Amino acid sequence: MSALKIAIIGFRHGHIFDILRRAQTHPGLVLTATCEEDAATRDRLAQEGKVSITHTSAAQLLDEADCDIVAVGDYYARRGAILTEALRRGKHVIGDKPLCVTRAEWEEIERLSRAQRRAVGCMLDLRDAPVYRGLRRAVVEGRIGEVTAVGFTGQHPLALGSRPGWYFEEGKQGGTLNDIGVHAVDAVPWIAGQPLARIEAARVWNAGLPQYPFFQNGAQMMLTLRNGAGVLGDVSYFAPDQMQCALPTYWRMTVWGADGVLEAALASPAILRYARGFTAPESIP
């Protein structure tokens, strides 16, 4: 089977460099074109030497580039339009999360994907983490019985001053639940072995950022899984900047079951199991 040809549009968020690295090193992929429409970002990329830009217009790349797949890493509110146009042209697509910021964009991406019979991928990588693969395995093996509840904390540092400036331009970020919460909406049902049934409640708010009144850095949610298990989570931009992602609460997940509790976090060296009838936790590598 010949290698698939991939083009990348938009480098205004650092996550896209993971796709760039994979495109440059995976034997089944060939990087054929790159695009960055923002002049300041193009200048920075040139200075850093991270990537050679071949196009300055997404439309031009889609017209000219020989590719099977289009990957998108532009600012959040720009992504939906690029992804839908790529799908219209018969390309498979993958984007950093979120793929888009409106319900109408999402519905059009879904419609085009089905109509064109093309794949849509998203950079939802919590499932790849060894600790969460182990956590899911422990749940599926019945180590705590049927899941009854899940709690998670995914607070991020806001890094005001070093985070891309477009985050704080009204209309470009599209909401913190859409930005961070999508990771949990993807990973929690997978870990628990129960599909998402309902969104019971969600709240976003501005906490301590009067200079950006439209930016809602607080974000919490309440969900229900198919078996009735409840889910409570917080994905606010409240973590101290200096700690980056080193806090023990960074993507900490606690899964309660009929026969015990499992707890782990993204940086955990092990999963802790508190089994019913035992007074000390078991450490699962």
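The values are calculated or read from the model by the stated rules, or taken from the named source; none is laboratory data. In this text, all values refer to a predicted model and were calculated from it rather than measured experimentally. In this analysis, Cβ positions are derived from the backbone assuming ideal geometry, glycine residues included, and neighbour counts consider all displayed protein chains. Please note that ligands, DNA and RNA were not included when accessible areas were found on the heavy atoms of the full protein model with its side chains. Shrake-Rupley method; radii C 1.70, N 1.55, O 1.52, S 1.80 Å.
Expressed as a whole percent, how much of the Cα-Cα distance distribution for region 78-138 exceeds 17 Å?
Across region 78-138, Cα pairs with separations above 17 Å total 44 percent.
At a Förster distance of 30 Å, what's the computed FRET efficiency of GLU169 paired with GLN47, Cβ-Cβ distance as r, to 0.05?
The calculated FRET efficiency here is 0.85.
Any idea what angle helix 182-192 forms with the longest principal axis of the chain, computed on alpha-carbon atoms, 0 to 90 degrees, nearest 10?
40 degrees
In region 194-232, what chymotrypsin sites (Phe, Trp or Tyr not before Pro) fall in a loop by DSSP, with at most 15 other Cβ atoms inside 10 Å?
PHE214
Going by a ≥ b ≥ c, the root eigenvalues of the Cα gyration tensor, does region 110-194 fall in the rounded group (a/c under 1.5), the prolate group (a/b larger than b/c) or the oblate group?
Verdict is oblate for region 110-194.
Mind checking the dipole of the chain: about its Cα centre, +1 per Lys or Arg Cβ, -1 per Asp or Glu Cβ, Debye to the nearest 20?
The dipole of the chain has a size of about 600 debye.
Based solely on its DSSP helices, what 222 nm [θ] is calculated for the chain when runs of n ≥ 4 H residues each add -39,500 (n - 2.57) and the sum is averaged over all residues, nearest 500 deg cm²/dmol?
-8000 deg cm²/dmol
Per the 1.4 Å probe, what fraction of the accessible area of region 1-149, in percent, lies on carbon and sulfur atoms?
After summing per-atom areas, the C and S share lands at 47 percent.
Roughly what would the spin-label model give for THR25 and LEU272, points 7 Å off Cα along C-beta, in nm?
3.4 nm
Going by average Cβ density within 10 Å per residue, which order do the peptides 151-161, 109-119 take, highest to lowest?
151-161, 109-119
By a straight-distance test (C-alpha under 20 Å), which lysines pair with LYS50 as possible cross-link partners, with residues fewer than eight away in the same chain excluded?
Within the straight-line cut-off, LYS50 pairs with LYS5.
With N set to the number of residues, divide the alpha-carbon radius of gyration of region 1-94 by 2.2 N^0.38 Å and report two decimals.
Rounded to two decimals, the normalised Rg is 0.99.
If you fit an axis through the alpha-carbon atoms of helix 130-140 and take the longest principal axis of the Cα set of the chain, what angle between them do you get, 0 to 90°, nearest 10?
The helix 130-140 is inclined about 50 degrees to the chain.
Under a GNM of the chain (C-alpha, springs under 10 Å), which listed residue has the highest mean-square fluctuation: GLY208, GLY171, GLY90?
Looking only at GLY208, GLY171, GLY90, the biggest GNM fluctuation is shown by GLY208.
Per residue, what accessible area does the chain have, given a 1.4 Å probe and all protein chains present, in Å²?
On a per-residue basis, the chain sits at 49 Å².
If packing is taken as the average number of other Cβ atoms within 10 Å across a peptide's residues, how do 265-277, 132-144, 44-56, 183-195 rank, most packed first?
Sorting 265-277, 132-144, 44-56, 183-195 by mean packing, highest first, produces 183-195, 132-144, 265-277, 44-56.
So what's the angle, to the nearest 10 degrees on a 0 to 90 scale, between helix 16-25 and the longest Cα principal axis of the chain?
The helix 16-25 is inclined about 80 degrees to the chain.
Would you mind putting 35-43, 227-235 in packing order, based on average other-beta-carbon counts within 10 Å, highest first?
Result, highest mean first: 227-235, 35-43.
What does the chain give for Rg and for Dmax, in Å, if only its C-alpha atoms count?
For the chain, the Cα-based Rg and Dmax read 20.4, 65 Å.
With +1 on each Lys and Arg Cβ and -1 on each Asp and Glu Cβ, and nothing else charged, work out how big the dipole of region 183-285 is about its Cα centre, in Debye to the nearest 20.
Using Cβ point charges on Lys, Arg, Asp and Glu, region 183-285 gives about 180 debye.
Carbon and sulfur together cover what percent of the accessible area of region 205-263 at a 1.4 Å probe radius?
Taking all protein chains in place, region 205-263 shows 57 percent carbon and sulfur surface.
Taking 0.36 nm per intervening residue step and subtracting the Cα-Cα distance, what contour gain separates THR224 from TYR212 on full extension?
So the extension gain works out to 1.1 nm.
Under 10 °C and 1.306 mPa s, how fast does region 54-211 diffuse according to Stokes-Einstein, given a Kirkwood radius computed over C-alpha pairs? Answer in µm²/s, whole number.
My calculation gives 88 µm²/s for D.
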